[in-house]
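Here's the structure, in structure tokens; my notes come after.
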Amino acid sequence: MSSIIFVRERRKVEKGEKRPRFRVVGTTGDIRIFAEHVRKRELDEIAKASGAEVVYLTGDGEGKEGMKNRKGGQAE
């Protein structure tokens, strides 16, 4: 069974910022990642070296962005 790395975009990082953009949510298989926040290039290198697949999780619509779409919700 090949390993899978599950990641999602961090909420407090804007495009173009020089901070890691992704958060590792979990892994399967024999792979362990000790950093919580990683860059896309780092994810690609880890996946290539270990033969793992990277799965990008979609947002759930919670928080400020989710409030815009919720009926009766107020967003700033």
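The values are calculated or read from the model by the stated rules, or taken from the named source; none is laboratory data. All values derive from a computational prediction rather than experimental measurement. Glycine gets a Cβ as well: all are built from the backbone with ideal geometry, and neighbour counts include every protein chain shown.
Each residue in the stretch 15-47 was checked for being small (G, A, S) and closer than 12 Å to I5 by Cα, and 3 of them qualify. Residue pairs whose Cβ atoms lie under 8 Å apart, sitting 6 or more positions apart in sequence or on different chains, and linking a residue in the stretch 31-45 that is in contact (Cβ under 8 Å) with a residue 24 or more places away in the chain to a partner that is surrounded by fewer than 12 Cβ atoms within 10 Å (Cβ to Cβ) and not aliphatic (A, V, I, L, M), are H37/R19.
Is it true that some residue in the stretch 42-50 is of a type in the set (K, R) and at pLDDT 90 or above? Checked the stretch 42-50: at least one residue is of a type in the set (K, R) and at pLDDT 90 or above.
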